[in-house]
1. Tell me, yes or no, whether region 106-118 has at least one residue that is under 18 Å from residue 58 (Cβ atoms) and more than 17 Å from the chain's Cα centre (by Cα).
2. Does region 134-141 contain any residue that is open to solvent by 60 Å² or more (accessible area, probe 1.4 Å), at pLDDT below 95, part of a helix (DSSP H, G or I) and of a type in the set (A, V, I, L, M)?
3. Under the condition of being part of a helix (DSSP H, G or I) and among the polar types (S, T, N, Q), which residue from region 22-42 is nearest to the chain's Cα centre (by Cα)?
4. What is the residue count in region 151-169 for residues that are without any contact (Cβ under 8 Å) to a residue 40 or more places away in the chain and either hydrophobic (A, V, I, L, M, F, W, C) or open to solvent by 100 Å² or more (accessible area, probe 1.4 Å) (or both)?
5. Using the structure shown, decide if residue 86 is of a type in the set (Val, Ile, Thr) and in contact with a Lys or Arg (Cβ under 9 Å, 6 or more places away or on another chain).
6. Go over the candidates 148, 126, 113, 90 one by one and state the one that is surrounded by 15 or more Cβ atoms within 10 Å (Cβ to Cβ) and free of Cβ contacts under 8 Å to residues at least 24 places away in the same chain.
7. So residue 23 ticks every box in (1) on the phi > 0 side of the Ramachandran plot; (2) modelled with pLDDT under 95; (3) not acidic (Asp, Glu) but one. Which box is left unticked?
8. Considering 118, 70, 64, 106, which residue is open to solvent by 10 Å² or more (accessible area, probe 1.4 Å) and on the phi > 0 side of the Ramachandran plot?
Amino acid sequence: LRSGARVGDLVVVTGTLGEAAIGMEILKKGNYKLGEALMQSLARFRRPEPRLKASRAILEMQPSSMIDVSDGLLSDLWHLLEASGVGARLDAEKIPVGEGVLEYCSGNRQEALSVALSGGEDYELLFTLRPHLADKVAEIEKKAEIRLTVIGEITQKEKGVKLATSSGETALQCEGFDHFRTKHNP
């Protein structure tokens, strides 16, 4: 469920983020002379891969909550936080940005991080885990055959969503793709 996250839980994500959004940008621009990393981003957009094996392995850890990242990390994190009545603190350095995203952003980590936080269609899994289970992450990562990254922790709702960087913390607006947003429904 989305509603089980509690203060102190770890925030964990599978794979890398932002690649499908970059793949969509590549298609829009019609640029097909690409290196391997950008071709991977294009493939991630064209053929999303559901994380079925990973989800089964993650369930063995008994996550406190889980959601897929289809609308963007921040948007889907917001759904989880709202359902659970909590906030979150994310570590900017730990957000797993895809190689194609970094290449597309000419190595600008800040710009690439923005894509990773708000780009959609990645279909990675975002879940929370009780802190005493942290040592199981590496074990499950091997079993699932996919990268698992602890990117933050659950905080009190009043603290909102913060992004921690080497220069401090920034409050984040949770945004991403909204299926129901129209000109008349902002």
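The values are calculated or read from the model by the stated rules, or taken from the named source; none is laboratory data. These numbers were taken from a predicted model, which means no experiment stands behind them. Cβ placement follows ideal geometry from the backbone for every residue including glycine, while neighbour counts extend to all protein chains displayed. Heads up: the accessible areas ignore ligands, DNA and RNA and are worked out on the full protein's heavy atoms, side chains in. Shrake-Rupley method; radii C 1.70, N 1.55, O 1.52, S 1.80 Å.
1. Within region 106-118, the subset under 18 Å from residue 58 (Cβ atoms) is none.
No, region 106-118 contains no residue that is under 18 Å from residue 58 (Cβ atoms) and more than 17 Å from the chain's Cα centre (by Cα).
2. No, region 134-141 has no match at all.
3. At the first step, the residues of region 22-42 found to be part of a helix (DSSP H, G or I) are 22-29, 36-42.
When the remaining residues are screened for being among the polar types (S, T, N, Q), the result is 40-41.
Working: 40: 17, 41: 15 Å.
Result: 41.
4. Let us first name the residues in region 151-169 that are without any contact (Cβ under 8 Å) to a residue 40 or more places away in the chain, namely 167-168.
So of that shortlist, the ones also either hydrophobic (A, V, I, L, M, F, W, C) or open to solvent by 100 Å² or more (accessible area, probe 1.4 Å) (or both) come out as 167.
Number of matching residues: 1.
5. Numbers: of a type in the set (Val, Ile, Thr): yes; in contact with a Lys or Arg (Cβ under 9 Å, 6 or more places away or on another chain): yes.
Yes, satisfied.
6. Working: 148 fails: free of Cβ contacts under 8 Å to residues at least 24 places away in the same chain; 126 fails: free of Cβ contacts under 8 Å to residues at least 24 places away in the same chain; 90 fails: free of Cβ contacts under 8 Å to residues at least 24 places away in the same chain.
Unique residue meeting the criteria: 113.
7. Here residue 23 meets the rest and fails (1).
8. On the way: 118 fails: on the phi > 0 side of the Ramachandran plot; 70 fails: on the phi > 0 side of the Ramachandran plot; 64 fails: on the phi > 0 side of the Ramachandran plot.
Among 118, 70, 64, 106, only 106 is open to solvent by 10 Å² or more (accessible area, probe 1.4 Å) and on the phi > 0 side of the Ramachandran plot.
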